[in-house]
Amino acid sequence: MSDSNTDPRTARPLPAGADLGRPRLSPKSASELLQPERVPGPPVRVVKRHPVGRFLSFVFTLVVVAALLVGGAIAYGRYEFTRPGPSEESRTVTVAAGSTLNDIAAAFERQGIVSSRWIFWAGVRLSEQEAALKAGEYLIPAGASMSEVMEALVGGRSIAYAITFPEGLTSQQIVERIRANELLVGEITSIPPEGSLLPETYHFQRGDTRENLIARMRRDRDRIITEIWNRRVEGLPIDTLEEFVILASIVERETALADERSRVASVFINRLRQGMRLQSDPTVIYGLYGGGGRS
């Protein structure tokens with residue numbers, strides 16, 4: 001039996017305090033000794049964010065999301081505003097005087113001119129053309145985009161109608177024709193003086209007033225008569241512009257052929273120079289029937 005203080009493997013005395021029950025570690029090999037030992041990583045730190053920082057991060061996220069949504073909505077609206085519209089055929093639409101952009105957009109949506117009243121409204125507002133929209137009657141082509149519809153209203157390219165007044169009509173007859181036209185609105189309060197209206201073909205839009213047409217005929221008459229009077233030859237037996245207008249009206253009524261009027265005017269001027277009566281049928285008819293003319 002071996003001594004407890006003797007190493008049984010070598011029979012050599014153990015150092016004082018040696019523990020025979022503790023296993024001995026095997027020495028490392030040469031290759032293991034050459035390998036560097038793994039250095040432990042830094043301890044994991046748990047960073048606690050300040051409440052203000054978390055709030056600012058949340059707000060920033062909301063701003064980014066909102067910007068993306070707004071940008072997407074603008075891109076979609078711009079696409080809808082410029083793409084071909086829903087109308088499959090040309091349509092005539094009327095924009096009444098005093099209509100607001102809301103009224104126009106709602107009416108166009110009901111009539112199938114635009115696909116969305118809100119996109120049309122927003123497109124016009126963003127284009128800053130709301131105040132430039134004009135009342136009138138418009139022919140909208142098939143497939144017109146909202147942008148093209150807006151441009152038509154801004155440009156005032158409404159449908160034009162025409163009314164013709166033959167030469168030789170009295171003021172009363174001209175007023176009767178204007179009153180009979182159902183595309184015009186408003187009343188004519190009084191019959192203009194004879195010779196104060198220029199007979200011509202006039203273009204107008206649905207909803208124009210009758211008084212406005214009368215005013216245009218007066219202005220055109222004054223312009224034409226003044227130009228002719230300023231170019232008159234000297235020595236005519238006519239002293240005033242009013243006398244010239246009366247003679248021109250008689251000549252127009254005497255013949256409907258333009259190439260005959262110069263000869264008729266020469267005959268009347270010669271009679272005036274000799275102090276003769278004109279002996280013109282239109283003067284007799286006017287004296288008998290007045291401005292209403294012979295029925």
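Do we have ILE191 as at pLDDT 90 or above and open to solvent by 20 Å² or more (accessible area, probe 1.4 Å) here?
yes
Which condition number does PRO237 fail, the rest of (1) closer than 20 Å to SER171 by Cβ; (2) open to solvent by less than 70 Å² (accessible area, probe 1.4 Å); (3) not aromatic (Phe, Trp, Tyr) being met?
PRO237 satisfies every listed condition except (1).
Being in contact with a helix residue (DSSP H, G or I) (Cβ under 8 Å, 6 or more places away or on another chain) and open to solvent by 80 Å² or more (accessible area, probe 1.4 Å) narrows it down to one residue among ARG206, ARG232, ARG218, ARG223; which is it?
Going through ARG206, ARG232, ARG218, ARG223 in turn, just one is in contact with a helix residue (DSSP H, G or I) (Cβ under 8 Å, 6 or more places away or on another chain) and open to solvent by 80 Å² or more (accessible area, probe 1.4 Å): ARG232.
Which of the residues belonging to the stretch 93-103 are open to solvent by 10 Å² or more (accessible area, probe 1.4 Å) and assigned to a helix (DSSP H, G or I)?
Answer for the stretch 93-103, where residues must be open to solvent by 10 Å² or more (accessible area, probe 1.4 Å) and assigned to a helix (DSSP H, G or I): ASN102, ASP103.
Rundown of residues vs (1) surrounded by 11 or more Cβ atoms within 10 Å (Cβ to Cβ); (2) under 33 Å from the mean Cα position of the chain (by Cα); (3) over 27 Å from GLY136 (Cβ atoms), yes/no style:
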{"position": "PHE60", "(1), (2), (3)": "no, no, yes"}
{"position": "LEU68", "(1), (2), (3)": "no, yes, yes"}
{"position": "ALA73", "(1), (2), (3)": "yes, yes, yes"}
{"position": "TYR76", "(1), (2), (3)": "yes, yes, yes"}
{"position": "PRO86", "(1), (2), (3)": "yes, yes, no"}
{"position": "GLU89", "(1), (2), (3)": "no, yes, no"}
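State yes or no: is ARG216 closer than 24 Å to GLY186 by Cα, in contact (Cβ under 8 Å) with a residue 12 or more places away in the chain, part of a helix (DSSP H, G or I) and not β-branched (Val, Ile, Thr)?
In short, yes.
Could you tell me whether any residue of the stretch 107-120 is of a type in the set (Ser, Thr, Tyr) and surrounded by 15 or more Cβ atoms within 10 Å (Cβ to Cβ)?
Yes, there is a match, as at least one residue in the stretch 107-120 is of a type in the set (Ser, Thr, Tyr) and surrounded by 15 or more Cβ atoms within 10 Å (Cβ to Cβ).
Within the stretch 152-159, identify whether any single residue is of a type outside the set (Ser, Thr, Tyr), free of Cβ contacts under 8 Å to residues at least 40 places away in the same chain, closer than 21 Å to ARG78 by Cα and touching a helix residue (DSSP H, G or I) at 6+ places or on another chain (Cβ under 7 Å), and answer yes or no.
So far as the stretch 152-159 goes, yes, one or more of its residues are of a type outside the set (Ser, Thr, Tyr), free of Cβ contacts under 8 Å to residues at least 40 places away in the same chain, closer than 21 Å to ARG78 by Cα and touching a helix residue (DSSP H, G or I) at 6+ places or on another chain (Cβ under 7 Å).
Of all residues in the stretch 126-151 being small (Gly, Ala, Ser), farther than 18 Å from SER116 by Cα and free of Cβ contacts under 8 Å to residues at least 40 places away in the same chain, which is least open to solvent (accessible area, probe 1.4 Å)?
Among them, the one singled out is ALA132.
The values are calculated or read from the model by the stated rules, or taken from the named source; none is laboratory data. None of these values were measured; they are calculated from a predicted model. Note that each Cβ is placed from the backbone with ideal geometry, even for glycine, and that neighbours are counted across all protein chains shown. Side chains are part of the model used for accessible areas, which takes the heavy atoms of the whole protein and leaves out ligands, DNA and RNA. Shrake-Rupley method; radii C 1.70, N 1.55, O 1.52, S 1.80 Å.
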